[in-house]
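Each remark here refers to the structure printed beneath this line.
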Amino acid sequence: MSADTLSNLKIQIEKLKKDFDQNQQINADKKLIYLGKKGLFNELSKEIKNVSNENKKVAGQLLNELKTYLQNRLETNSSVDHKNKWVDLTIPGKDQESGHVHPISQAIEEISGIFQKIGFTRVRYPEVDWDHYAFEALNMPADHPARDEWETFFVKVPPNKKMGKVVLTPHTSNGQVREMERLKHQPPIRMINIARCYRRQQDVTHTQMFHQFEGLVVDKGINIQHLKGTLDYFAQEFYGPGTKSRIRPFHFQFTEPSFEVDFSCHICHGTGLIADEHGDKQKCGLCKSGWHEVGGAGMVHPNVLKAGGIDPQEYTGFAFGWGVERTYTLRKGLNIDDIRYFYSGETRFLAQF
Ligand code: DAH
């Protein structure tokens, strides 16, 4: 009977070993299952009480051997993966994926830096603002047809008697009179206002939410040459040496005179022509005319200075404003044919910047 119990124990030991070797779980789990307090080894060890006294010693030895077997296996396998596959520990680990600042935020930082170098102060004004700052104070009274150009979103809240309706700012020009008020109507003013703007338009060159930057300078004796110098400076800093600016007559209610601003094309250097592989001159594919239109500018209208509490007899100023997205996509080598990509959340696109 006792011999039988011993051979029975031997069979069970072999079974447990086999079971252990075939078990695919990770070592930590295996340790618990086989060598844990309530594990299979301890369970099997209880059998020793059924073994006759004369065989107890042998049984004890067999169980000890089993324990060593299990321990050794667990130790030698502890650094390899749970399926006991061979692993090359010299392979470099995987890099953590990390995000980065959005390309438009990068452009905003760069634009701020360029203007801060020549003494402009970066400010931000509300993106949900009163009609007063977005239109009325900018020489565009209610029902003025010029307002139509701004495709404005109105917010459904009761209007204020003095300030009018609430709008999602369609341009950063709302910051002009706000800045005059912030400085208590006391020039000099040198502001760069960069903020989100909203308009009811969406296509390859427009998104309903976009960014603009707005410059405003007011002081004694400010004239068009100061404006032109500032535009040339920006063109060179942002697009590289040799880039020129050009101003063309235009109309805005809040500037007089008003201009549209162009920058020379960096591909054809403002000529509108590039040589093909035979050396023949062809129309430049990027600009077609040598110039890119970017935005508006002008000398601040006396009515706008008055709305900001500044005497137009004593002070003059210039202003300019245009879109960050457009300014940025004109940069050399970018070739972005649809600005909606910027806000698509497509990380394969954004990771390139
Ligand atoms: N706010 C104008 C727009 O969104 C652009 C503009 C034109 C800004 C002339 C100015 C300016 O400061 O002087 O189209």
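Tabulated results
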{"read-out": "Options ASN223, ASN193; residue that is over 21 Å from GLU293 (Cα atoms) and either out of contact with any Lys or Arg (no Cβ under 6 Å at 6 or more places or on another chain) or assigned by TED's automatic domain parsing to the domain that holds PHE320 (or both)", "value": "ASN223"}
{"read-out": "Residue ranges of strands (runs of 3 or more DSSP E) in the range 259-309 with at least 1 members within 16 Å of the ligand (Cβ to nearest atom)", "value": "291-300"}
{"read-out": "Considering residues of the range 310-345 that are within 15 Å of the ligand (Cβ to nearest atom), part of a helix (DSSP H, G or I) and not aliphatic (A, V, I, L, M) only, the residue farthest from CYS268 (Cα to Cα)", "value": "GLU325"}
{"read-out": "Pairs where the first residue, in the range 307-333, is farther than 17 Å from ALA235 by Cβ and small (Gly, Ala, Ser) and the second is in a loop (DSSP other than H, G, I, E, B) and away from the ligand (no atom under 12 Å from the Cβ), C-beta under 8 Å, 6+ apart", "value": "GLY308/HIS185; GLY309/HIS185; GLY317/PRO187; GLY317/ILE222"}
{"read-out": "Lone unmet requirement of (1) in contact with a Ser or Thr (Cβ under 6 Å, 6 or more places away or on another chain); (2) more than 21 Å from GLN106 (Cα to Cα); (3) without any contact (Cβ under 8 Å) to a residue 24 or more places away in the chain for GLN236", "value": "(2)"}
{"read-out": "Search result, residues across the range 182-238 that are under 31 Å from the mean Cα position of the chain (by Cα), farther than 26 Å from VAL167 by Cβ and not aliphatic (A, V, I, L, M)", "value": "ARG190, THR230, ASP232, TYR233, PHE234, GLN236, GLU237, PHE238"}
{"read-out": "Number of positions in the range 2-41 that are in contact with a helix residue (DSSP H, G or I) (Cβ under 7 Å, 6 or more places away or on another chain) and part of a loop (DSSP other than H, G, I, E, B)", "value": "2"}
{"read-out": "Residue check for VAL155: surrounded by fewer than 21 Cβ atoms within 10 Å (Cβ to Cβ), closer than 21 Å to GLY321 by Cα and in the same structural domain as LEU231 (by TED's automatic domain parsing)", "value": "no"}
{"read-out": "Any chance THR121 is within 29 Å of the chain's Cα centre (by Cα), among the hydroxyl-bearing types (Ser, Thr, Tyr) and buried (at least 19 other Cβ atoms within 10 Å of the Cβ)", "value": "no"}
{"read-out": "Which numbered condition ASP131 fails, given (1) within 21 Å of ILE194 (Cβ to Cβ); (2) among the charged types (D, E, K, R); (3) in contact (Cβ under 8 Å) with a residue 24 or more places away in the chain", "value": "(1)"}
{"read-out": "Tabulated pairs, the range 195-214, first within 16 Å of LEU330 (Cβ to Cβ), second in a loop (DSSP other than H, G, I, E, B), C-beta under 7 angstrom, 6+ apart or interchain", "value": "VAL204/ASP337; VAL204/ASP338; GLN212/HIS171; GLN212/THR172; PHE213/THR172"}
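The values are calculated or read from the model by the stated rules, or taken from the named source; none is laboratory data. Small disclaimer: the values here were computed from a predicted structure and weren't measured. A quick note on method: Cβ atoms are made from the backbone with ideal geometry, for glycine too, and the neighbour counts reach across all protein chains shown.
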